[in-house]
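FYI, it's all coordinate maths here, none of it is from the lab. Quick caveat: nothing in here was measured; it's all calculated off a predicted structure. Glycine gets a Cβ as well: all are built from the backbone with ideal geometry, and neighbour counts include every protein chain shown.
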Amino acid sequence: MPDMVRKRILVTGGAGFLGSHLCERLLNDGHDVLCVDNFFTGTKDNIVHLMDNPHFETMRHDVTFPLYVEIDEIYNLACPASPVHYQFDPVQTTKTSVHGAINMLGLAKRTKAKIFQSSTSEVYGDPHVHPQREDYWGHVNPVGIRSCYDEGKRCAETLFFDYHRQHNLRIKVARIFNTYGPRMHPNDGRVVSNFIMQALQGQSITIYGDGSQTRSFCYVDDLIEGFIRLMATGDEFTGPVNLGNPVEFTILELAQQIITMTGSTSTIVLRPLPQDDPTQRQPDISLARSALGWQPDVALRDGLEKTIRYFADTFVTEKGVIDGREKND
Ligand code: NAD
Ligand code: UDP
């Protein structure tokens, strides 16, 4: 790495799905990585392959408590991200977003580190504008069962922009749309992992509602490339910037695609739609295209192939399918 400066980079939530891919990428790019995680939804299995790397360190820590380390950059990813996980302890979810942001912003202020926030398309709620652009303020229920996550993330964005205005912090805010890939949690209830696990076990594929609601699915490698490009922008660029795949599918189409690709005998069953479940979601990524020169490359079929292989290799035994993970280890 002759021309490159090795940075000390903190990744909160580094043992999670996205965090583990980000740690891997940053190490490959030649940086020192400190992965901080309380292992609520993340697992050491996601980062075990990095443990022998002398430039990788991991620390069990809850971001709702202050953290004193010396670093050059922070990627703040710590937060349960799927409805089953963030609704398990909603108060802790809000604390993680809000107190976690305050603690990480305080750390960035003291160390003069550049700081990235993993915000979410959920800040748009059940949107009335389609596709969603960054200047849309959203349509969010403040007192519903998704609010601990949605409003926590909205408040975190507010804190990021106030620290930027008030303390000149260098901030980068990404609004992430549904992302999938290897190391998704098998039981997180998210649609891609649910459908793949159900298909691999020959169980019924549970569509909530009639399956006409839409989502757009970004493969994890594309998303991580977006993170790196956003972090590398000049100080004047703060975001928020949408990162996601603009190709939109109905949930029914996704189910059919996964059944076909796994060769499964599963059939589709309809279940009630959860409260406040957005009916459509698709990012407008014009800003990411112009400011970051970024757009996703991986087609759903190719990304699903890798994801299905991961789930089959990790969780399927000769006797059927098990969750082979040591949870909360
Ligand atoms: P994940 O659950 O796999 O990862 C989150 C990680 O944060 C886990 O390792 C978990 O143990 C850790 N964590 C949770 N609370 C913590 C706390 N208080 N202190 C320290 N660590 C804590 O989820 P993910 O999909 O990798 O999501 C990562 C980030 O990206 C989250 O902030 C999420 O809101 C955001 N995001 C993800 C998606 C997506 O589609 N995956 C979409 C939008 C936003
Ligand atoms: N969904 C579904 N069956 C499942 C899991 C999810 O039909 O087994 C639906 C869910 O109701 C939502 C969409 O798939 O309309 C995406 O759900 P997910 O939880 O993955 O993400 P989010 O709702 O946060 O976009």
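Overview of results
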| item | result |
| --- | --- |
| Percent RCO, i.e. relative contact order, over the chain, from Cα pairs under 8 Å lying at least 6 residues apart | 18 percent |
| Ellipticity estimate at 222 nm from DSSP helix runs (n ≥ 4, -39,500 (n - 2.57)) divided over the chain, nearest 500 | -10500 deg cm²/dmol |
| Reachable aspartates and glutamates from Lys95, criterion Cα separation under 12 angstrom, eight or more residues apart if same chain | Asp62, Glu151 |
| Surrounding net charge for Ile224, when Lys and Arg each add one and Asp and Glu each subtract one, Cβ distance under 11 Å | -3 |
| DSSP H segments from the chain that extend 15 Å or more along their own axis, Cα-based, with Kyte-Doolittle mean of 0.5 or above | 220-231, 251-262 |
| Cα gyration tensor shape of the chain, rounded if a/c is under 1.5, else prolate or oblate by comparing a/b with b/c | prolate |
| Loop-located trypsin sites (Lys or Arg not before Pro) in the range 109-143 whose Cβ has at most 13 other Cβ within 10 Å (DSSP) | Lys112 |
| Contact order relative to length of the range 172-329, as percent, for alpha carbon pairs under 8 angstrom and 6 or more apart | 35 percent |
| Contact order relative to length of the range 6-55, as percent, for alpha carbon pairs under 8 angstrom and 6 or more apart | 43 percent |
| Whole-Å distance, taken between Cα centres, linking the range 28-105 and the range 156-229 | 16 Å |
| Percent of alpha-carbon pairs separated by more than 15 Å within the range 1-97 | 58 percent |
| Cβ-placed point charges (K, R +1; D, E -1), dipole of the chain about Cα centre in debye, nearest 20 | 400 debye |
| In the range 18-124, the chymotrypsin sites (Phe, Trp or Tyr not before Pro) that fall in loop regions by DSSP, at most 14 other Cβ within 10 Å | Tyr68, Phe88 |
| Long pairs among Lys109/Lys172; Lys7/Lys153; Lys44/Lys114, criterion Cα-Cα beyond 25 Å | Lys7/Lys153; Lys44/Lys114 |
